[in-house]
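Data first, discussion second: the structure below is written as structure tokens.
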Amino acid sequence: MLCVLTLLLAAAGSLGDDTDGGVAFRIPLNDGNAMPALGFGTFLGLDENGMRPPGEHEAEYPVRWALEAGYRLLDTAVTYQTEGQVGRAWRASGIPREHVFVVTKLSTSESRNVVASLRGSLARLNMSYVDLYLIHSTISIKPDHSGFDIIDYLDTWRGMEEVKRLGLARSIGISNFNVSQIQRLMAHCEIKPSVLQVEVNLNLAQNKLVDYCKSQDIVVMAFSPFGSLFSRDPPPRPPAPRANDPILVGMANKYNKTTPQIVLRYLVQRGLVPIPKSLNRLRIQQNIQIFDFQLTDEEMHTLSEFNRDYRIFFPTFWQDHPYYPFERVDRPGPSLFKGQGY
Ligand SMILES: NC(=O)c1ccc[n+]([C@@H]2O[C@H](COP(=O)([O-])OP(=O)(O)OC[C@H]3O[C@@H](n4cnc5c(N)ncnc54)[C@H](OP(=O)(O)O)[C@@H]3O)[C@@H](O)[C@H]2O)c1
Ligand SMILES: *[C@@H]1O[C@H](CO)[C@@H](O)[C@H](O)[C@H]1NC(C)=O
Ligand SMILES: *[C@@H]1O[C@H](CO)[C@@H](O)[C@H](O)[C@H]1NC(C)=O
Ligand SMILES: *[C@@H]1O[C@H](CO)[C@@H](O)[C@H](O)[C@H]1NC(C)=O
């Protein structure tokens, strides 16, 4: 009953629960399931060796704070090495399993063994199913991370269909695919992807990809939703805005919100599912307090003008792979992942 109500609210594009700015409404998926309109990211970033492994409770406590603050979507991946801590945090929360939407991703080095790989993730999560399983990337690398593996993502997708049939994943989807790759997948799949997870933020609107997914009833999750908002990178500086940008501050003051909250609300009103990451309890709480106000059409338009088609996640060291999804550049930068693979 409550579920039907929230679905109706979501479909009408209206606000979430008026009494609590922290409760995200649910968005229907093309397979009959539904997912929260905002989630919690658990990628801790990189260090000089590649993926930075988490400290003992480094992700676990933030995930607990997120659940306490009202988040009901948790985004993890084999690669982030946070699955175990996500599972422990959920178990400690006492929240019923069916009230939490858990997302994990197939590592690029396990494309040939989808079922076994998901079983490994489930063991680390200590759960019997995930709500959403994503192919992390169209790129594949060898299991020993010694180099590229050339595996057609259409073949990997058969494994994804299998885990859905087995009930190990309630919904299945993709990440870091481009439009033509999704079109090719749609033409050859038995079960359609329900979700695409890609980078979307003020500097990277992804209008073509988002419009195409809308036309195919695929929900788009926005990773790195803050883009360069907090960037302290040396020159060449990434495009504006920063968190103290006068346009953002004006909107934030009008609604008694912070500028990161304005950015997240903008993405939600575009029908996207942002998955902000924070390890700070107060910021975790603030980032979900965005369901008690609404930006005007004019404000939405103003924010859309920050688009510069500028990527943060731009792994050019993969660009010689035949299934590389992004624009290729003349002189690719050095590998960030130093043989650790992804
Ligand atoms: N599918 C993919 O290939 C892929 C790629 C990248 C990311 N992701 C997913 O997307 C999630 C989010 O992306 P992301 O982690 O790259 O970036 P993000 O969520 O856009 O930004 C995270 C950064 O913003 C800071 N921050 C968060 N809230 C803030 C606030 N209210 N005020 C000021 N600073 C704030 C965080 O610092 P503090 O922690 O100090 O607050 C952190 O440094 C990831 O965790 C991961 O789950 C997926
Ligand atoms: C895994 O979950 C079961 C309950 O389903 C619980 O009894 C057990 O303690 C959990 N294991 C770990 C390592 O948390
Ligand atoms: C503004 O927001 C803060 C933080 O959420 C809250 O404590 C305060 O009561 C709000 N002020 C008004 C006038 O709504
Ligand atoms: C999409 O990916 C394919 C590789 O599968 C590549 O050939 C194509 O150029 C990419 N499209 C865009 C717009 O980058």
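The values are calculated or read from the model by the stated rules, or taken from the named source; none is laboratory data. In this text the structure is predicted, and so the values were computed from the model without any measurement. Here the Cβ is made from the backbone with ideal geometry for all residues, glycine too, and neighbour counts use every protein chain on show. Heavy atoms of the whole protein, side chains included, go into the accessibility calculation; ligands, DNA and RNA do not. Shrake-Rupley method; radii C 1.70, N 1.55, O 1.52, S 1.80 Å.
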Per residue solvent-accessible surface (Å²) - the range 68-148, probe of 1.4 Å: 36
Using only Cα atoms, locate the centre of the range 272-336 and the centre of the range 205-254, then give the distance between them in Å, rounded to an integer. 6
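Using the Cα gyration tensor of the range 232-342, with a ≥ b ≥ c the square roots of its eigenvalues, what is the shape: rounded (a/c below 1.5), prolate (a/b larger than b/c) or oblate (neither)? Mind dumping the intermediate values first?
Details: a/c = 2.17, a/b = 1.89, b/c = 1.14.
Prolate is the answer for the range 232-342, as a/c is 1.5 or above and a/b outweighs b/c.
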Rank LEU125, LEU248, THR316 by how far each Cα sits towards the positive end of the charge dipole of the chain (+1 on Lys, Arg Cβ; -1 on Asp, Glu Cβ) and give me just the farthest. LEU125
So, in nm, how far is label SER146 from label ASP309 when the simple model puts each one 7 Å beyond its Cα toward the Cβ? 3.9
What the Cα atoms of the chain span along the principal axes, largest first and in whole Å, is 52, 51, 43
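How much net charge surrounds GLU83 when only other residues with a Cβ under 13 Å from its Cβ are counted (Lys, Arg +1; Asp, Glu -1)?
Numbers: positive: ARG88, ARG91, LYS105, ARG119, ARG124; negative: GLU60, ASP75.
Here the charged neighbours net out to +3.
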If you find the alpha carbon centre of the range 65-109 and of the range 111-156, how far apart are they in angstrom? 17
Most mobile of TYR133, TYR255, TYR153 per a Gaussian network model of the chain (Cα springs, under 10 Å)? TYR255
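In debye, nearest 20, what is the charge dipole magnitude of the chain about its Cα centre with +1 on Lys and Arg Cβ and -1 on Asp and Glu Cβ, if you could check? Please list the in-between numbers first.
Values: 35 positive and 36 negative charges, 69 e Å.
Dipole size: approximately 340 debye.
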Net charge, ARG165 excluded, C-beta distance under 11 Å - Lys, Arg +1, Asp, Glu -1: -1
Checked against a 30 Å limit on the C-alpha separation, the offending pairs among LYS192/LYS254; LYS164/LYS257; LYS142/LYS208; LYS142/LYS192; LYS254/LYS277 are LYS192/LYS254; LYS164/LYS257; LYS142/LYS208
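Tell me the GluC sites (Glu not before Pro) within the range 278-332 that lie in a loop according to DSSP and have at most 10 other beta-carbon atoms within 10 Å.
Numbers: sites: GLU298, GLU299, GLU305, GLU327; in loops: GLU305, GLU327.
Sites meeting the loop and neighbour criteria: GLU305.
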